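Asks: I'd like to ask some things about the structure below.
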Amino acid sequence: MKTKLTLRLDDELIREAKVQAKKRGKSVSQLVADYFVVLNAVKEKPREEKYGPITESLRGALRGASVDKEDYYSYLAEKHK
């Protein structure tokens, strides 16, 4: 069963929500519904987060890579030529 819900939001936030919805090919209502689905999934499956969300998203990005200080220094030297 679907029920209508009225939200009161700042005009700028509504404009941005419409832009984001259009980019994704969804309605604003669907974006809001998707958000609550994600919230519910997080609630059901608690995650230990030792770091902030951006840092957490980068975990494992360099797994298996062999990067040492010399590689970093070479990168900096090339960057600042």
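Asks: How many residues does segment 52-79 contain that are hydroxyl-bearing (Ser, Thr, Tyr) and part of a loop (DSSP other than H, G, I, E, B)? Lay out the reasoning, then the answer.
Replies: Within segment 52-79, the subset hydroxyl-bearing (Ser, Thr, Tyr) is 55, 57, 66, 72-75.
Right, trim to part of a loop (DSSP other than H, G, I, E, B) and you get 66.
Of the residues in segment 52-79, 1 are hydroxyl-bearing (Ser, Thr, Tyr) and part of a loop (DSSP other than H, G, I, E, B).
Asks: Check segment 1-13 and report whether any residue there is more than 18 Å from the chain's Cα centre (by Cα), surrounded by fewer than 12 Cβ atoms within 10 Å (Cβ to Cβ), at pLDDT 90 or above and not in a loop (DSSP other than H, G, I, E, B).
Replies: Yes, segment 1-13 has at least one match.
Asks: Tell me yes or no: at least one residue of segment 25-32 is exposed (fewer than 10 other Cβ atoms within 10 Å of the Cβ), modelled with pLDDT under 85 and either among the hydroxyl-bearing types (Ser, Thr, Tyr) or within 19 Å of the chain's Cα centre (by Cα) (or both).
Replies: Looking for residues that are exposed (fewer than 10 other Cβ atoms within 10 Å of the Cβ), modelled with pLDDT under 85 and either among the hydroxyl-bearing types (Ser, Thr, Tyr) or within 19 Å of the chain's Cα centre (by Cα) (or both), one finds none in segment 25-32, hence no.
The values are calculated or read from the model by the stated rules, or taken from the named source; none is laboratory data. Note that the structure is a prediction, hence the values are computed from the model and not measured. A quick note on method: Cβ atoms are made from the backbone with ideal geometry, for glycine too, and the neighbour counts reach across all protein chains shown.
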